[in-house]
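Here, each number is a calculation from the coordinates, and none is a lab measurement. None of the values given here were measured: they were computed from a predicted structure. Backbone-built Cβ (ideal geometry, glycine too); neighbour counts: all protein chains shown.
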Protein chains: 2
Amino acid sequence: MSQDAFKDQLAATAASVTYTLDALLSLPDGGEGRVVEAMRYAVLEGGKRLRPYLVIESAKVFGVESSRAVAAAAAIEMIHCYSLAHDDLPPMDDDDLRRGRPTVHMAFDEATAILAGDGLLTRAFAVLADPATHTDASIRSELSLVLANAAGSDGMVGGQMLDFLAQSESLNEAETERLQSLKTGCLLGAAAEFGAILGKASGQDRFAFQSFGLKLGAAFQIADDLLDLEASPQDAGKATGKDAAAGKATFISLYGADRARKQAWSLADQAIEILGKFGAEADGLRAAARFSVDRQS
Amino acid sequence: MSQDAFKDQLAATAASVTYTLDALLSLPDGGEGRVVEAMRYAVLEGGKRLRPYLVIESAKVFGVESSRAVAAAAAIEMIHCYSLAHDDLPPMDDDDLRRGRPTVHMAFDEATAILAGDGLLTRAFAVLADPATHTDASIRSELSLVLANAAGSDGMVGGQMLDFLAQSESLNEAETERLQSLKTGCLLGAAAEFGAILGKASGQDRFAFQSFGLKLGAAFQIADDLLDLEASPQDAGKATGKDAAAGKATFISLYGADRARKQAWSLADQAIEILGKFGAEADGLRAAARFSVDRQS
């Protein structure tokens, strides 16, 4: 699949996921509507929807139609967007700009941003437990378990804790890799595994898809750090150069941009290799692995 | 059941739930252990464990042993404790003291308190989705759906949003009741409904138990407001008199303490009436409804 064809497919998936998120987050009448407005603000605009894309494309490999995977994909995107809203708060990364517009606490206020994050995190599990998402309760329960483990203190939240601590401690390569794996990798691993769960894949295939997502996540994170180093805030849609200014350990600060770029490509190749036994139906995933490194072309 | 017998039973349940929470939240080796320490700090000390008590006593009415309800009860307590940790944050209620000791952000820091809340919220759904909690996936999924709806923007998070807005708007009686119902009632309703779900009760009985929890919650909230007005910070274990100082609308500010106390007792009686058809096995719940109003005796 060419990068152009991939980008068209990614954009089509993003539109479908945004439509689903819009439907799942209808505004209530009462005053509490403000928190739902903030939840909608946090999820509806912008974003490549890479995690939903992984859910939907992985499901496709196991013969599951997009329409039967899109709600679960939307749930993962809610988790991703809640984590950004909380991560941007003043006690955390203190960012004013995200995807080219004010962060949730700048557009609303800090209390509303905390509650909107809580609301999205909670809603994600309501969506996964809803029989409308999947008729088989054991599948719904398995999706919830995988997502909760990937997003919680043994996964993404644990990675954010490490990231916060890294502001005042210097990490070595192994610790940096672990931080990134927890913070970014686990959720991407869960996204790819979601497709396999929806397709009732074997335990071995589930593990392979999770590994694919983890490798892709590692490649993505290094590419993100390169973007932070090299792109202007206009191109990146958020403040850049913050990692270097904060003295944060990244693969780049440890080994330089050239070796980091090679490492990112090596990880993308490893991700693609994991998909070896699958045919053309996995081409979208292979293209996603390449895109995770090469987002500017 | 006498209030003394009830308090013994409540204390025994609390010990069992704390034991379960301790086991569910074991400390990992890595640096992310800090967030788990904060999660443990938020849930392990103090607390009456009223919500877990409702789960376990409701389950008992439908013939389910405590040992088979305690994990689900612990999950609800995680949700309750995460909401306290976030509610105490400076942009929200800005409280330094909770249950007689420093709040989570005072004992750790704001970022860690945000992440600990996120971690507890996420872990609650991991527990509910775990086959160790219940062997029947449809029960696990139903518990998740009921809890997510009760805790999210249509429930507790929505109530917290209204509570935040009430700092700058004055509410009438209906709006005050709605705020309290969302903020406190929904989770207590879910707790009582949890027992009915675990016991595979009919839809009608599930609804009755949810209604019982909602009524008890309404009584509890008015009693809490009376406590805020009348108790010393030492007795309450937290700052008191804050509602009046903040000009927050409560049933008391609207109608005075005498009518509020009568209203609380009337709601407790209504809760007990809902349990009419159930026998002595529901005595613990009846005692809980009385206790929700009369916590000092």
Top of B:SER83, B:SER66, B:SER168 by mean-square fluctuation, Gaussian network on chain B, Cα under 10 Å: B:SER168
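Hey, fewest Cβ within 10 Å first, where do A:THR122, B:THR176 land in order?
On the way: A:THR122 29, B:THR176 21.
Ranked by crowding around the Cβ, least crowded first: B:THR176, A:THR122.
Subtracting the Cα-Cα distance from 0.36 nm times the residue separation, let me have the gained length for B:ALA132 to B:ALA11 in nm, one decimal. Show your work: numbers first, answer last.
Details: separation 121, 0.36 × 121 = 43.56 nm, distance 2.47 nm.
Working it through step by step, the gained length comes to 41.1 nm.
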Residue-normalised 222 nm signal for chain A, counting each DSSP H run of n ≥ 4 as -39,500 (n - 2.57), nearest 500 deg cm²/dmol, is -22000 deg cm²/dmol
Roughly what % of Cα-Cα distances in the protein assembly as shown sit above 48 Å, to the whole percent? 13
Can you tell which of A:SER67, A:SER138, A:SER16 shows the greatest fluctuation in a Gaussian network model of chain A with Cα springs below 10 Å? A:SER138
Compute the separation of the alpha-carbon centres of region B:12-54 and region A:55-69 and state it in Å as a whole number. 38
On average over all directions, what projected area in square nanometres does chain A have, based on the convex hull of its Cα atoms? 14.4
Span from the region B:158-236 Cα centroid across to the region A:110-135 one, whole angstrom: 20
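Nothing charged except the Cβ atoms of Lys and Arg (+1) and of Asp and Glu (-1): what's the magnitude of the dipole of chain B about its Cα centre? Round to the nearest 20 debye.
On the way: 28 positive and 42 negative charges, 147 e Å.
For chain B, the charge dipole is close to 700 debye.
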Go ahead and set up a Gaussian network model of chain B, Cα springs under 10 Å, then flag whichever of B:LEU115, B:LEU143, B:LEU54 fluctuates most. B:LEU115
For A:LEU97, residues with placed amide H under 5 Å, excluding near neighbours: A:THR103, A:ALA239
Using the Kyte-Doolittle scale, find the helices of chain B whose mean hydropathy is at least -0.5 and whose Cα atoms extend 24 Å or more along the helix's long axis, counting only whole DSSP H runs. B:3-24, B:70-87, B:110-129, B:203-230
Once the Cα gyration tensor of region A:37-163 is found, what semi-axes does its equivalent ellipsoid get, as square roots of 5 times the eigenvalues, in whole Å, sorted largest first? 27, 15, 13
How many times 2.2 N^0.38 Å is the alpha carbon radius of gyration of region B:122-169? 1.52
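Counting other beta carbons within 10 Å of each residue's own, what order do B:LYS277, B:LYS262, A:LYS7 fall into, fewest first? Walk me through the intermediate numbers first.
On the way: B:LYS277 8, B:LYS262 12, A:LYS7 16.
Sorted ascending by nearby Cβ count, the order is B:LYS277, B:LYS262, A:LYS7.
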